[in-house]
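> Before I ask anything, here is the structure I am working with.
The values are calculated or read from the model by the stated rules, or taken from the named source; none is laboratory data. If you're wondering where the values come from, they're calculated on a predicted model, not measured in any experiment. No Cβ is skipped: glycine too gets one built from the backbone with ideal geometry, and neighbour counts run over all protein chains shown. Heavy atoms of the whole protein, side chains included, go into the accessibility calculation; ligands, DNA and RNA do not. Shrake-Rupley method; radii C 1.70, N 1.55, O 1.52, S 1.80 Å.
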Amino acid sequence: MLEPQYEFELDQALAKIRESLQGEDIERFRSDFLDYHLYDQAQIYLALAPEERITMYNYLSANEMADMFEIIEEDVESIEEYLLEMNNQYAADMLANMYADNAVDMLKQLKDERIWLYLRLMPVESAKEIRALLNYKDETAGAIMTPEFVSIVANQTVRSAMAILKSKAPDAETIYYIYVVNVDNVLVGVISLRDLIVNDEDMMIGDIMSERIVSVNVNEGQEDVAHKIRDYDFLAVPVVDENNVLLGIITVDDIIDVIDEEAVSDFSGLAGVDVEEQSENPFVAASKRLPWLITLLFLGMGTSTLISQYEGLISEASILSVFVTLITGTSGNAGTQSLAVAVRKIGMQDDEEKNLFRTILSELATGLISGLVTGITIALVIGVWKQNFILGGIIGISMLVAITVANLAGSLIPVLMDRIGFDPAVASGPFISTFSDLTSVLIYFNIAKHFITTLM
């Protein structure tokens, strides 16, 4: 007989937990709450009122709370308000019971005085590990690594290595890879859990370990680490210093967080707004979006000023004004497409000069082809519609040149920004669209000026 699938209904679970909290039924609360999956525990916790959570802290140990609390960081805007609800010693013990890298992520959201308060209240060994990770620069391998891993030496048997693994496994973040070090803690090899299981217990580790080790430097950027884990399809990668001393490991779950952060950053840049904005207050939301909108407003005024320079031309052939938005809109869309491709290529670390040059040439060629097809199409449509193929030709040629320039700008601007050290994603869609408006208007009216006599 098949067992029923696990299903979680937040409203029902919340009603049960609230009932046990209000009735001060500790045993029932612990039985119900701890029976849920950790993710579901986190959803219940976040749905409770502050006074209910305070009661909850009296019913769960700091260690039990730590297992669940590691999950909620991604679901809340600030972790500080939840830590402040707790007794200081309880919060410090909870952070100490987390994996060090996760505890560091939370502590970095707090003010310095509170960080040091919690560190002083922690066990010495936990505080030492966390303090070491806090010293690494943000967005580097050192900042996201964990010191909780299993290491062994080469001159021991599989039997003794398994004994070490069993003793260290409860505190290790992952046991799928076991790292082999020498007496100076220098990384000399790696062995998988599978290799330990399938080999004879009397085999020496040095005879079955792999000496071809892919590692990352502690100061390497987190994006580079993500690409390395993706390329080699690892579950974890060791982190070493300049002397190849093993300092920690980075697991794939941390890399998923990095990839998510980079994706959010790219989407935010392309949209010109923080896509993780969680405020439901329209005034707060507007205050965050207005600076970029005001900047684009002034850039857009440049387009209006440019159009005003061609008032004489428009007065001679007013039909030209009808198609301004058609050309600016289409070229802006083309530029945004090119921008998205370029940012993606940079994000994938195709950072060799020839690859970037190839990307720019490819987008230029794509712009020419797209512009040619679009230009011919619109030239024929307008020629038939307005029974004026000269006008159709002006619009078609303008479209061809505007799309080509927009594609070139969309691929070139992010590359240049990346080269000078800025985030290429800030070359956002709205910025490229506004830039394309300026260039399209300039192209359109200059081409029209050369054909004005035939158009009349």
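> Say whether the condition of being without any contact (Cβ under 8 Å) to a residue 40 or more places away in the chain and small (G, A, S) is met by at least one residue in region 173-195.
So far as region 173-195 goes, yes, one or more of its residues are without any contact (Cβ under 8 Å) to a residue 40 or more places away in the chain and small (G, A, S).
For every residue, the table says whether it meets (1) part of a helix (DSSP H, G or I); (2) among the β-branched types (V, I, T); (3) open to solvent by less than 10 Å² (accessible area, probe 1.4 Å); (4) at pLDDT 90 or above.
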{"residue": "G375", "(1), (2), (3), (4)": "yes, no, yes, yes"}
{"residue": "A379", "(1), (2), (3), (4)": "yes, no, no, yes"}
{"residue": "G396", "(1), (2), (3), (4)": "yes, no, yes, yes"}
{"residue": "V415", "(1), (2), (3), (4)": "yes, yes, no, no"}
{"residue": "T434", "(1), (2), (3), (4)": "yes, yes, no, no"}
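> When you scan region 61-84, how many residues do you find that are within 19 Å of L110 (Cα to Cα) and open to solvent by 30 Å² or more (accessible area, probe 1.4 Å)?
Residues flagged as within 19 Å of L110 (Cα to Cα) and open to solvent by 30 Å² or more (accessible area, probe 1.4 Å) within region 61-84 amount to 10.
> What number of residues within region 306-323 are in a loop (DSSP other than H, G, I, E, B) and either open to solvent by 50 Å² or more (accessible area, probe 1.4 Å) or modelled with pLDDT under 80 (or both)?
Count: 2.
> Return a yes/no flag: does region 109-131 have any residue that is part of a helix (DSSP H, G or I), within 19 Å of I255 (Cβ to Cβ) and of a type in the set (A, V, I, L, M).
no
> Wholly within region 150-226, which helices (runs of 4 or more DSSP H) include no fewer than the required count, namely at least 1 residues that are touching a His at 6+ places or on another chain (Cβ under 9 Å), open to solvent by 50 Å² or more (accessible area, probe 1.4 Å) and closer than 14 Å to V237 by Cβ?
none
> Determine whether region 48-60 contains at least one residue that is closer than 20 Å to M106 by Cβ and open to solvent by 40 Å² or more (accessible area, probe 1.4 Å).
Looking through region 48-60, at least one residue is closer than 20 Å to M106 by Cβ and open to solvent by 40 Å² or more (accessible area, probe 1.4 Å).
> Right, something else. Would you tally the residues in region 375-390 being among the aliphatic types (A, V, I, L, M), farther than 17 Å from F451 by Cα and free of Cβ contacts under 8 Å to residues at least 24 places away in the same chain?
4
> Output the number of residues of region 299-351 satisfying the condition of being of a type in the set (S, T, N, Q) and more than 18 Å from S436 (Cα to Cα).
3
> Still on this structure: What pairs come out if I take residues in region 14-38 that are under 20 Å from N63 (Cα atoms) and pair them with residues that are charged (D, E, K, R) and modelled with pLDDT under 90 whose C-beta lies under 7 Å away, six or more apart or interchain?
L38/D67
> How many residues does region 102-121 contain that are charged (D, E, K, R), surrounded by 15 or more Cβ atoms within 10 Å (Cβ to Cβ) and over 16 Å from I72 (Cβ atoms)?
Residues in region 102-121 being charged (D, E, K, R), surrounded by 15 or more Cβ atoms within 10 Å (Cβ to Cβ) and over 16 Å from I72 (Cβ atoms): 1 in total.
> Checking M98 against (1) outside any helix (DSSP H, G or I); (2) surrounded by fewer than 16 Cβ atoms within 10 Å (Cβ to Cβ), only one condition comes out false. Which one?
(2)
> May I pose another question? Is there any pair with a first residue in region 242-255 that is outside any strand (DSSP E or B) and a second that is surrounded by fewer than 17 Cβ atoms within 10 Å (Cβ to Cβ) whose Cβ atoms are under 6 Å apart and which are 6 or more apart or on different chains, and what are they?
N244/V186; V252/L235
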